[in-house]
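Below: the structure, in structure tokens.
Nothing in this text is a laboratory measurement; each read-out follows from the coordinates by a stated rule. Remember, it's a predicted structure, so these values are computed and weren't measured experimentally. Glycine gets a Cβ as well: all are built from the backbone with ideal geometry, and neighbour counts include every protein chain shown.
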Amino acid sequence: MVSQFVSTHCVPLLCDIDFEFPEGTHAIGRLDKESEGLLLLTTNKKITRLLFQGKQPHKRKYLIQVGGIIEDSTINKLREGVSIEVRGGQDYITKPTEIIQVSEPQNLFSSGFVLHERVPNSWLEIILTEGKFHQVRKMLKAVRHPCKRLIRISIEDLTLEDIMPGEVKEVTEEDFFGKLKL
């Protein structure tokens, strides 16, 4: 699904979800169509600026399946920062980040993408405080471990919890601002 309500392309959109969204609803911190997980929707236009352009960086946590068995030395490179290409073709060194290797998660909803059982892979959990275009995918490509699955599991203290794909969970404005630390 594309993280928008209208498109000139024939793709699944947020308006296809069985939910009555208030007028002016928009996505905060969109996900690309190959990614999955937590997506915040609001009618408050200030949230995006507060969350992603404010003085205080906000943490976004991702669960990632990568191709190949990842070595500790490679994880350390990712922690320290790697060179990726950003808009305009410029090189950018990513900020130091929290990243750990984790066991294959259980009971994850299916993305439809399944690696062959004999294809080696690893799972990582990474926390970013910056969000360059396709940053996680570019970081993994820089260390020669293609991203096979990317799931955003939280933004600050707002988490996926038990929310299923396509499900909408409403939260109070007080809870929303509190969990986002705004």
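Greater than 23 Å separation of Cα atoms is the criterion. Which listed pairs, LYS95/LYS181; LYS138/LYS181; LYS46/LYS179, meet it? As for pairs spanning more than 23 Å Cα to Cα, those are LYS138/LYS181.
With the charge dipole of the range 14-180 set up from +1 on Lys and Arg Cβ and -1 on Asp and Glu Cβ about the Cα centre, the Cα lying farthest toward the positive end among the listed residues SER154, GLY89, LEU51 is that of GLY89. Database remark: amide H of LYS148 closer than 5 angstrom to the amide H of GLN65, VAL66, GLY67 (H placed geometrically; neighbours at sequence offset of 5 or more, or on other chains; Pro and chain starts carry no H). Look at the alpha carbon pairs under 8 Å that are at least 6 residues apart: their mean separation over the length of the range 14-180 gives a relative contact order of 32 percent. Specify which residue in the list MET1, ILE17, GLN106 is farthest towards the positive end of the charge dipole of the chain, using unit charges on the beta carbon of Lys, Arg (+1) and Asp, Glu (-1), about the Cα centre. Final value for the positive-end residue is MET1.
Note on the range 1-119: Cα convex hull, mean projected area over all directions, 10.9 nm². Ellipticity at 222 nm from helices only: DSSP H runs of n ≥ 4 in the chain, each -39500 (n - 2.57), divided by the residue count, give -4500 deg cm²/dmol. Note on the range 14-180: with charges restricted to the Cβ of Lys and Arg (+1) and Asp and Glu (-1), its dipole about the Cα centre is near 940 debye. From the residues THR172, TRP123, ILE70, which one has its Cα farthest along the dipole of the range 14-180 in the positive direction, the dipole being from +1 and -1 charges on Cβ of Lys/Arg and Asp/Glu about the Cα centre? The listed residue farthest towards the positive side: ILE70.
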